[in-house]
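Reviewing the structure listed below.
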Amino acid sequence: MRHIADFIEQLEKEEDPINIWVYSSKGQYSQFGNQGKKVRTPSLRKALGDYLQVVVEINNDKEEAFLLLPEVHAVVPVSFQDGQVHSLTRPA
């Protein structure tokens, strides 16, 4: 488990495009705002301020996904597909 501030700092240094997903209902997540490289941090901060569960998909060669829980400032690696978190995973 990582701290959200550390995770955001790392995202700012990297250039991989990301997708931001927010919890909508019944285990489903919906895409949030504009996606891609340039608007990532402001969009992510807004999502974290407005929602209790946020998933960040990092579009790199590993196709990583992370569940961000702003109430406890935690970031957890997850298996994420088709707008759903399928399971928690171990950090690489």
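So which of 14, 71 is among the charged types (D, E, K, R), at pLDDT 90 or above and out of contact with any helix residue (DSSP H, G or I) (no Cβ under 8 Å at 6 or more places or on another chain)?
71
Return a yes/no flag: does segment 76-85 have any residue that is touching a helix residue (DSSP H, G or I) at 6+ places or on another chain (Cβ under 9 Å) and free of Cβ contacts under 8 Å to residues at least 12 places away in the same chain.
no
Run down 48, 52 and say which single residue is over 16 Å from residue 80 (Cβ atoms), assigned to a loop (DSSP other than H, G, I, E, B), at pLDDT 90 or above and not charged (D, E, K, R).
Just a single option satisfies the conditions, and that option is 52.
Of the residues 4, 58, 20, which is closer than 22 Å to residue 86 by Cα and touching a His at 6+ places or on another chain (Cβ under 8 Å)?
4
The values are calculated or read from the model by the stated rules, or taken from the named source; none is laboratory data. Only a predicted model underlies this, so the values are computations on that prediction, with no experimental measurement involved. In this analysis, Cβ positions are derived from the backbone assuming ideal geometry, glycine residues included, and neighbour counts consider all displayed protein chains.
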